[in-house]
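Each remark here refers to the structure printed beneath this line.
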Amino acid sequence: MPLSEHEQQLLDEMERSLYHSDADFVATVGSGRGRPTYRSIVIGVLVGLAGIAVIVAGVMLQLAILGVAGFAVMFVGVLVSISAPRRIVEEAPRPTPSRSKATFMDRMNERWDKRQDGREQ
């Protein structure tokens, strides 16, 4: 069901707001994965076909365990074909908190205040 024009505008506005207000989150979520490559699709299809062959062999030999193993191989092939390659993202070392007894919520509130003040980019 397609979005109406008003809903599309609201969605675009929310995306812009997210990009503007939480750039760290967008960078973390958006950069981890890309589109599947041709190579991973081909490998996944080949592994999936091998899994189907193992299932057929399990049926012919009347071995249920072979059929289950074939299904597992076929499932792995599908996952390989639809998964995107992972990019290795080197993270900067995190600064240690100045207060060792700060609670999780104190640290989150401090980060929120910094973001709202524009001190953290």
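Specify the residue that is farthest from the chain's Cα centre (by Cα); the eligible residues are those in segment 17-48 that are at pLDDT 75 or above and in a loop (DSSP other than H, G, I, E, B).
Thr37
Given the criterion assigned to a helix (DSSP H, G or I) and either surrounded by 12 or more Cβ atoms within 10 Å (Cβ to Cβ) or at pLDDT 95 or above (or both), identify the matching residue among Met14, Met74, Met105.
Testing whether each residue is assigned to a helix (DSSP H, G or I) and either surrounded by 12 or more Cβ atoms within 10 Å (Cβ to Cβ) or at pLDDT 95 or above (or both) leaves just Met74.
With of a type in the set (Asp, Glu) and either loosely packed, with under 10 Cβ neighbours inside 10 Å or modelled with pLDDT of 90 or more (or both) as the only criterion, which of Glu91, Glu120 stands out?
Glu91
What pairs come up if the first residue lies in segment 56-84 and is closer than 19 Å to Leu46 by Cβ, the second is basic (Lys, Arg), and their beta carbons are under 6 Å apart, counting only those six or more places apart or on different chains?
As it stands, the answer is Ala84/Arg33; Ala84/Arg35, since those pairs meet every condition given.
The values are calculated or read from the model by the stated rules, or taken from the named source; none is laboratory data. Quick caveat, the model's predicted, so the values are computed rather than measured. Glycine gets a Cβ as well: all are built from the backbone with ideal geometry, and neighbour counts include every protein chain shown.
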